[in-house]
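The values are calculated or read from the model by the stated rules, or taken from the named source; none is laboratory data. Just so it is clear, the model here is predicted, and its values are computed rather than measured. Here the Cβ positions follow ideal geometry from the backbone for every residue, glycine too, while neighbour counts run over all protein chains shown.
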């Protein structure tokens, strides 16, 4: 096989995954290289807090650079008054509003650092019809950069009866939730992994 044939038959398909970058056995969701916080999927990150339900938590979602690494930074004061208790950086997973089929992958790989607190990654599908419904996995973000794999089977349904359908992912959220604390989470990469 010539080198050119090798490139077209083997190497080229690795980079042709629904408009998002693929590297070997992963698919890039975001590496935060776009300062406008537009993901590799073409969708925008946005900050959401419990204020949508009458709470009083403050959220800040911004692009930042730390240790030469582009990142998204989720900060805020999570407060429990008025039945509140969360701040979130949310991302729709398909620019057309449709679903993302992640069934070829085993989970999500994130590169994070933070203030030693526990955070969550929430997934939503069309089965999550209420704002409080999601599939949740938890992780702790320490002071040093770390890579964390969150397999799909680690995502527990929250106020849902149906299991997570990875063929129908609509949105993900980086979330500080459930207790009063100051959130400071930095994420430099989010990928699907096989």
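Remarks
- Of all residues making up region 102-139, the number that are within 20 Å of residue 193 (Cα to Cα) and over 15 Å from the mean Cα position of the chain (by Cα): 2
- Among residues of region 83-131, those that are out of contact with any strand residue (DSSP E or B) (no Cβ under 9 Å at 6 or more places or on another chain) and either modelled with pLDDT of 95 or more or in a loop (DSSP other than H, G, I, E, B) (or both), counted: 9
- Residue list for region 140-167, restricted to those being more than 15 Å from the chain's Cα centre (by Cα), under 14 Å from residue 103 (Cα atoms) and surrounded by 16 or more Cβ atoms within 10 Å (Cβ to Cβ): 164, 165
- Residue count for region 27-48, restricted to those that are surrounded by fewer than 16 Cβ atoms within 10 Å (Cβ to Cβ) and in contact (Cβ under 8 Å) with a residue 40 or more places away in the chain: 3
- Test: residue in region 67-82 that is in contact with a strand residue (DSSP E or B) (Cβ under 9 Å, 6 or more places away or on another chain), at pLDDT 90 or above and part of a loop (DSSP other than H, G, I, E, B): yes
- Flag if residue 51 is free of Cβ contacts under 8 Å to residues at least 40 places away in the same chain and either surrounded by fewer than 20 Cβ atoms within 10 Å (Cβ to Cβ) or part of a strand (DSSP E or B) (or both): yes
- Only one of the numbered conditions (1) farther than 22 Å from residue 97 by Cβ; (2) surrounded by fewer than 22 Cβ atoms within 10 Å (Cβ to Cβ) is not met by residue 183, and that is (2).
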